Amino acid sequence: MGKVISFINDKGGVAKSTSTVCLASYLMAEGKRVAVVDVDARHSCLDWAALADRSDYPTPLMVGNSNASVGSNILKLKEDYDFVLVDGMSSFVTSGRRDVIASIIKATDYILIPTRPDPIDLWALAELTDMVKSRQEIANGSPKTWIFGSAVRDHTNEWKEFIQAKEDAPFPLLNAYLPYSVDFPRTTGKGQSPLVLAESNNSRKALIAWAEEIKEIINE
């Protein structure tokens, strides 16, 4: 039986899709069987896979599903794959699609919440926090949930303030993060990830550190 990891945040532009394909690339490089469920309306993960396929790059199984039945779809995939990664939709509150996110949360083992390094973005997680904690109360603490920084500019006051605000965050904050770098759109726009870059590349190093921390926490 595999593990389900979902990237969820009601806010758009926080790198949910980028995070999904980067983790998928890392896990496939580790020899894992990976499926991706693309729930986002823009289907960025499906587009990424199409680009990868045309260039003969390795791709995970890709499934597009933005219906309230997506949870059942995820659980079926979990039977055949080591990891099922879910790219959650944005604006599920204003669009009235809480049912879709609730279905994902119910089927998920681990939730990762990508967040721009701004304390205000942490405060904006109230709706998702309520949904996750309501599920945790009746499911023995599952799904385990973490927040991580995306598009982070190192050594800035913004990032320092974000770190200081983590004590008030609703969930633990990962130590590793995805930095702000053109390497991410440049590689994912070709159906790849920064893993294809030189070993000395900082974006590649950051991606690996982030993925390894995720691997560590889900194996605890």
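The values are calculated or read from the model by the stated rules, or taken from the named source; none is laboratory data. Just so we're clear, the structure is a prediction, and the values are computed from it rather than from any experiment. Note that each Cβ is placed from the backbone with ideal geometry, even for glycine, and that neighbours are counted across all protein chains shown.
What's the total number of residues in the stretch 131-162 that are surrounded by fewer than 17 Cβ atoms within 10 Å (Cβ to Cβ) and modelled with pLDDT under 95?
Residues in the stretch 131-162 being surrounded by fewer than 17 Cβ atoms within 10 Å (Cβ to Cβ) and modelled with pLDDT under 95: 8 in total.
Looking at (1) touching a strand residue (DSSP E or B) at 6+ places or on another chain (Cβ under 6 Å); (2) small (Gly, Ala, Ser); (3) outside any strand (DSSP E or B), which is the one condition that is false for residue 150?
(3)
Go through the stretch 202-220 and count every residue that is touching a Ser or Thr at 6+ places or on another chain (Cβ under 8 Å) and outside any helix (DSSP H, G or I).
Qualifying residue count for the region: 0.
Among the residues of the stretch 173-201, what is the count of those that are in contact with a helix residue (DSSP H, G or I) (Cβ under 8 Å, 6 or more places away or on another chain), part of a loop (DSSP other than H, G, I, E, B), surrounded by 13 or more Cβ atoms within 10 Å (Cβ to Cβ) and at negative phi?
Qualifying residue count for the region: 9.
Which of the residues that make up the stretch 130-172 are out of contact with any helix residue (DSSP H, G or I) (no Cβ under 7 Å at 6 or more places or on another chain) and more than 30 Å from residue 103 (Cβ to Cβ)?
Listed by number, the residues that qualify are 154, 155, 156, 157, 158, 159, 160, 163, 164, 167.
Exactly one condition in (1) in contact (Cβ under 8 Å) with a residue 60 or more places away in the chain; (2) over 16 Å from the mean Cα position of the chain (by Cα) is not met by residue 188; state its number.
The single condition residue 188 does not satisfy is (2).
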